[in-house]
Amino acid sequence: MLRHWRKFLIGTALVLVLGVAGGRGAEAHPHVWIDVRTTVVTDEAGRVAAVEQEWLFDPIYSAYVTGGADPASAKGRKALADLMDESMRNLREYDYFMRVRADGARLALADVAGGYTSQMSGDRLIYRFTVPLKQPVDPRGHDLDIAVFDPTYYIEMLHLEGDVVAFKGPNATGCGARIVQPAPDMDAIALAQSLDKDATADDTLGAQFAETVIVTCK
């Protein structure tokens with residue numbers, strides 16, 4: 001079960017209880033917005049070994065969750081570090097809101113690698129972390145895709161418009177990715193529009209609003 005995300009996450013359906021819903025559609029899902037950046041990490045054999053994430057939270061949620069802590073102060077830096085630690089523990093049970101598939105089969109993910117960080121950029125909170133695959137996969141021999149989403153669609157998680165998925169690591173030459181936009185059906189749209197901030201959605205709703213990153217390597 002997920003823990004608290006008044007600073008973190010709460011409830012079996014990943015509902016965020018914020019007290020403020022933000023300025024974009026307070027009476028319908030989503031209620032929190034995250035701009036996502038994705039970097040695919042390869043190993044010495046050119047296999048996909050991990051996925052790096054950068055999450056840029058919307059200003060209203062950032063202000064709420066940090067409680068106005070001064071990130072330049074020692075106390076503020078500790079508060080951000082504690083927030084990140086708890087978030088990573090809570091998200092682990094749900095694969096850090098990440099789905100990685102090879103040939104349509106979901107791959108197992110390991111614990112986040114060390115060195116994850118949180119900081120403020122202006123009025124927005126940023127999380128940066130790396131999620132390893134338990135077994136690296138050869139993108140030249142498999143159809144590989146990645147999606148990042150809140151299963152209940154309380155949070156909308158999308159790459160920035162025009163964003164390019166990055167690659168790093170040995171033997172990543174010849175690799176690229178394209179982002180396929182979601183195409184939710186009318187029932188999913190109607191359900192999302194009917195849910196206020198206190199409602200709990202089914203944990204299959206978010207997948208319909210998720211972007212898919214298609215990875216190809218030659």
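Some points to look at:
- Residue within the stretch 82-98 that is in a strand (DSSP E or B), under 26 Å from ASP203 (Cβ atoms) and modelled with pLDDT of 90 or more present: yes
- Here GLY22 clears all of (1) at pLDDT below 85; (2) out of contact with any strand residue (DSSP E or B) (no Cβ under 7 Å at 6 or more places or on another chain) except the condition numbered (2).
- Whichever residue in the stretch 99-120 is among the β-branched types (Val, Ile, Thr) and assigned to a strand (DSSP E or B) and, among such residues, is modelled with the highest pLDDT: VAL100
- Test: residue in the stretch 167-185 that is touching a Leu at 6+ places or on another chain (Cβ under 8 Å) and closer than 26 Å to MET88 by Cβ: no
- Test: residue in the stretch 91-101 that is aromatic (Phe, Trp, Tyr), in contact with a Pro (Cβ under 9 Å, 6 or more places away or on another chain), surrounded by fewer than 17 Cβ atoms within 10 Å (Cβ to Cβ) and closer than 21 Å to PRO184 by Cβ: yes
- Scanning the stretch 123-137 turns up at least one residue that is in contact (Cβ under 8 Å) with a residue 24 or more places away in the chain, surrounded by fewer than 14 Cβ atoms within 10 Å (Cβ to Cβ) and closer than 28 Å to LYS78 by Cα.
- Of the criteria (1) farther than 21 Å from SER87 by Cβ; (2) in contact (Cβ under 8 Å) with a residue 24 or more places away in the chain; (3) not hydrophobic (A, V, I, L, M, F, W, C), which one ASP187 fails: (2)
- Candidates THR200, THR212, THR173, THR204 - the one that is hydroxyl-bearing (Ser, Thr, Tyr) and free of Cβ contacts under 8 Å to residues at least 24 places away in the same chain: THR173
- Some residue of the stretch 67-79 being over 14 Å from the mean Cα position of the chain (by Cα) and under 22 Å from ALA210 (Cβ atoms): no
- Looking across the stretch 147-191 at every residue that is within 16 Å of TRP55 (Cβ to Cβ) and among the charged types (D, E, K, R), the one that is surrounded by the most Cβ atoms within 10 Å (Cβ to Cβ) is identified as ASP150.
- Verdict on ALA63 being of a type in the set (A, V, I, L, M, F, W, C) and either in contact with a helix residue (DSSP H, G or I) (Cβ under 7 Å, 6 or more places away or on another chain) or without any contact (Cβ under 8 Å) to a residue 60 or more places away in the chain (or both): no
The values are calculated or read from the model by the stated rules, or taken from the named source; none is laboratory data. The structure displayed is predicted, hence computed values, not measured ones. All Cβ positions, even for glycine, are placed from backbone atoms using ideal geometry, and neighbour counts span all protein chains on display.
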